[in-house]
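Visitor: Okay, handing you the structure first.
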Amino acid sequence: MREIITLQLGQQSNYLANHFWNTQESYFTYGADEESPIDHDVHFRPGIGSDGTETFMPRTVIYDLKGGFGTLRKVNALYEIDNDDDAAASSSLWPRPTVVHRQPPIGAGAYQASLDAGRAPPELTAGAVRYWSDFTRVFFHPRSVVQLSEYELHSAVLPFDKWHAGEELFAALDKEHDLLDRDLRPFVEEADRMQGVQVATGIDDAWGGFAAKYVERLRDEYGKTPVWVFGVQEPSRGLPREKRMIKLVNKARALAELNSQASLVVPLALPESSPLPHTLRLDASSQWHVSALFAAALESATLYTRLRTTDRVYASNLGSMTDLLNVFGKQTIANLEMSISAEAPQNGQNGTNGNSNGLNGRGENVDMDEEEGGSESGSQKGAVTLDIDLSSPQDLSLDPHRRRGKKRHVFSQVLANRGLEDVEPTDEELEIREQSALGLRRRPKVHNYRSRVAFPILDSYPKIFHDAYGRPVKDQVSIRTALSTDSTVTDKVKALRTTVVRSIGLEDRETIGNELAEIADSYKEGWSSDSDDDDDDE
């Protein structure tokens, strides 16, 4: 098997991961003659429930603060335990009457109540989703649920919003419990051939510090295991300058720390400096909405890691993708873009939903078919830009002196197209693969993966995708994603460093500043921006 174990760190990541797990659950088939194209063993583990029935639950560990789990219980209907004997034993140790103080339980929403009762659930709205557990469709193993009671969700007295709070919380808990041994190792030991660990975490709050220390321990314990980190960020438009600066400092520290420990880091942020396509309508103030968009991109960009291995052309794994994207071994941060279509793309479409003027949402000049040759790292031919950029394009605006129209240089790009009618590789792609395998040509710059499996629109998913007539897409949507290592990381990290370096404490300022500068420089290797000066549009 090719198991992937997931770590979910914090409220933002749990919204994202909950959409992900609902989507995975939708791929299950129950007919004798049906076979899912998805290998469920990658993300799900078999088990035995308390009544002896077989169970199949996510390979995940979920961390959240006190109050963050909402209506989700650690012990669910599949693992109910009779605690009468334990209660009697504990009471026998204390001869006097006991007084139990219980916090009033959070009542289930109408959607969850309907699922529990076996009824068709009502339509979900942003106002009805109070917690990420309000729209979950799967059961989790009791070992998966880990509440950190040291902090309370949305506490104004002791907020969990700064880097050091997360760093210190992990250090204290790991010292007392050895978190990897207690929480993660049981899932690792169940895996026959683990392909990697995917971590979903906030990086603009204290969870960034928690995640950085967790990934550092992962690297110490499982040195050669691919670790992909998806760093979720909250929309910051409209926030006071002080809060925005705290988030930027947290993000800068997270990128500096994770860059040296993770195999791949994919920042995820709602674009704020460019308009969204008319086919996408979401409420930026709703975590349910924003995380749904992130989940669609993440699930589509990694679909090939869980396709059945009978699909020898388009099935792959985290390790191989890391090698393809990290060309020089120093380019850990990757950008994620996506485009959507209510119908399967027709031949000839470039997947940019009409964005064909040569400028993307960042104002960069991007040629869809650049000339062959040029850079040491390979050809630019076939590299694309898509119309929804989730890689924090607004970070570029932090530098007021940055040149507009600067050309993006792509080191490597993995394109994933799903919901297509024709998934057969072209003759040109087959020839390139054969020649590359024989060492007869340089490794291609762009790597294409295709699947007929469209992204399902579930009743737990918000109606954010619309067709050309403005009608909500109800069943499924075709999605194209591009995961790229490219030169925009240099500009973003430089702008971030300039903005936050004076807000970092003196004891860490030089170290963090140097680490960010090294990250920026690593996206120049094998290519110099000076070589593209003549192509800039001023």
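Visitor: Do you know which residues across segment 5-39 are part of a strand (DSSP E or B), aliphatic (A, V, I, L, M) and crowded, with 22+ Cβ neighbours inside 10 Å? Talk me through it step by step, then tell me what you get.
Guide: Our first condition is that a residue be part of a strand (DSSP E or B); within segment 5-39, this holds for 5-9, 38.
Imposing the further condition that a residue be aliphatic (A, V, I, L, M) reduces the set to 5, 7, 9, 38.
Within segment 5-39, ILE5, LEU7, LEU9 qualify.
Visitor: Same structure, new question: Would it be correct to say that GLY470 is at positive phi, out of contact with any strand residue (DSSP E or B) (no Cβ under 9 Å at 6 or more places or on another chain) and either modelled with pLDDT of 85 or more or open to solvent by less than 10 Å² (accessible area, probe 1.4 Å) (or both)? Steps first, please.
Guide: Working: at positive phi: yes; out of contact with any strand residue (DSSP E or B) (no Cβ under 9 Å at 6 or more places or on another chain): yes; either modelled with pLDDT of 85 or more or open to solvent by less than 10 Å² (accessible area, probe 1.4 Å) (or both): yes.
Criteria met by GLY470.
Visitor: Continuing with this model, one more query. Only residues that are under 9 Å from LEU65 (Cα atoms) and among the acidic types (Asp, Glu): list them for segment 132-165, please.
Guide: Those that are under 9 Å from LEU65 (Cα atoms) and among the acidic types (Asp, Glu): GLU150, GLU152.
Visitor: Another question about this same structure. Can you name the residue in segment 40-65 that is assigned to a loop (DSSP other than H, G, I, E, B) and touching a Ser or Thr at 6+ places or on another chain (Cβ under 9 Å) and, of all such residues, is farthest from LEU9 (Cα to Cα)?
Guide: GLY49
Visitor: Evaluate the following for SER478: is it within 24 Å of LEU264 (Cα to Cα), polar (S, T, N, Q) and either in contact (Cβ under 8 Å) with a residue 12 or more places away in the chain or in a loop (DSSP other than H, G, I, E, B) (or both)? Step through it out loud before you land on a result.
Guide: Numbers: within 24 Å of LEU264 (Cα to Cα): no; polar (S, T, N, Q): yes; either in contact (Cβ under 8 Å) with a residue 12 or more places away in the chain or in a loop (DSSP other than H, G, I, E, B) (or both): yes.
Here the answer is no, as SER478 does not meet what is asked.
Visitor: Determine which member of the set ALA172, ALA212 is crowded, with 24+ Cβ neighbours inside 10 Å and modelled with pLDDT of 95 or more.
Guide: Just a single option satisfies the conditions, and that option is ALA212.
Visitor: For segment 218-235, which residues satisfy the criterion of being more than 15 Å from ASN259 (Cα to Cα) and touching a residue at least 60 places away in the same chain (Cβ under 8 Å)?
Guide: Within segment 218-235, VAL232, GLN233, GLU234 meet the criteria.
Visitor: When segment 260-280 is examined, which residues are found to be buried (at least 22 other Cβ atoms within 10 Å of the Cβ) and among the polar types (S, T, N, Q)?
Guide: Listed by number, the list holds a single entry, SER263.
The values are calculated or read from the model by the stated rules, or taken from the named source; none is laboratory data. What you see is a predicted model; the values in this text were computed from it and never measured. Positions of Cβ are generated from backbone atoms using ideal geometry, with glycine treated the same way; all protein chains shown enter the neighbour counts. Quick note on the areas: whole protein, heavy atoms, side chains included, nothing else; ligands and nucleic acids left out. Shrake-Rupley method; radii C 1.70, N 1.55, O 1.52, S 1.80 Å.
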